[in-house]
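The structure under discussion appears below in the form of structure tokens.
Read-outs throughout are calculated quantities, based only on the coordinates presented, and are distinct from any laboratory measurement. Computed from a prediction, not measured in an experiment: that's the story for all the values here. Here Cβ is always computed from backbone atoms with ideal geometry, including for glycine, and neighbour counts include all displayed protein chains.
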Amino acid sequence: MAGTEHMPTAVSTGSPIPEPGPPGVHGICFSCDSIKDMDIAEETATRLGSTATWYSVGVLATDQELALRCAEFCRRHGLHALFHPLDLDVCGTDPLDDRLLRLLGERAGELDSPWLNIDLAMWVREGETLLESLVPMPLVDEAVDWAVDRIKHAQDVIGRPLTIENAPYPFVVGDRDILTLMTRIAERADCLMTIDVGHLYGLRVQRGLPPVLPSDDDIAWDRVVEAHMSGTFVRRFEGGVRLVDDKHDWPVSDEVWELADALLPRAPRLRSVMAEAEGMTADELTDSVRRFARRADHWWSAS
Ligand SMILES: [Fe+2]
């Protein structure tokens, strides 16, 4: 793979970053559609035993009942919850709603989630939650100021750190590198980072770039606490047009495993690697998490 010759580096970013999350806890996370597939989550967690460490909870700020059910599920299976809000909009144009931010803080408290993971995207438009139709942050310098102000405010009101994730890019606006923009945002907003390896692979293929870039050496790897992986759909058309999409119910492709192997050992505070799996059966999800666990040892090597 191009670029894998770059040595792992952890860039110091000035002020020390407090140790994120419960001390000493790192491992594999899995996700499910918590709204309709908790039976799959139950069956998978029972089969996996201690193979999984985290469970990713996607709930709306107002859905206290589901958050409490997921918290109880995690306690019963010895899992730690990671909260992935579905309605926090750090890159959109609707003004941030402090009432919603306070509710998110309450849900995070109920789940005891050490941080809230959020894609750098527009999640809400004029009050409507976009969910499957996220608009990714444009890859332009101006997006940094916009996102920093909103993330700082959200963290202040929620009372917990955010970890910002590179969103999927079914289309691309702008020409900057996503990890470079994320680093600038994270350092100024003093937040954490999540690398979605499948999203990153898809974006770089979309732009005709190698999966690993020299600029990856200068990323704030010491802020990366989470990584995600799922299946990737890539189709190449005549004339160089590519169609790339994220498929949570597909197995992870070799190219994405290789990119994870090249990048994740650079993150000294990596705590969770998530098998994204909405739409999988319990059999498929169990196999997927076991596959992640078999490959994971060297991903923590910088810790
Ligand atoms: Fe993700």
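With unit charges on the beta carbon (Lys/Arg positive, Asp/Glu negative), name the residue among LEU264, MET274, ALA143 whose Cα is farthest towards the positive pole of the charge dipole of the chain.
My answer, from the dipole projection, is LEU264.
Do the sum for the chain: with -39,500 (n - 2.57) for every DSSP H run of n ≥ 4, divided by all residues, what is the mean residue ellipticity at 222 nm, to the nearest 500 deg cm²/dmol?
-10500 deg cm²/dmol
Out of VAL241, VAL140, VAL252, any idea which swings most in a Gaussian network model of the chain, alpha carbons joined below 10 Å?
In this elastic network of the chain, the residue with the biggest mean-square fluctuation among VAL241, VAL140, VAL252 is VAL241.
Using the Cα centre of segment 250-303 as the reference point, and only Cβ charges (+1 on K/R, -1 on D/E), how large is the resulting charge dipole? Debye, rounded to the nearest 20.
420
Can you tell me which of ASP87, ASP196, ASP175 moves the most in a GNM of the chain? Springs connect C-alpha atoms under 10 Å apart.
Fluctuation is largest for ASP175.
Mind listing the long-range amide H neighbours of GLU165? Cut-off is under 5 Å, sequence gap 5 or more, other chains count too, H placed in the peptide plane at 1.01 Å from N.
Long-range HN contacts for GLU165: ILE118, ASP119, LEU120, THR194.
Hey, in the GNM for the chain with a 10 angstrom Cα cutoff, which one of GLY279, GLY202, GLY174 fluctuates hardest?
GLY174
Work out the FRET efficiency for ASP254 and ARG47 from their Cβ-Cβ distance, taking R0 = 35 Å, and round it to the nearest 0.05.
Taking R0 as 35 Å, the efficiency between ASP254 and ARG47 is 0.85.
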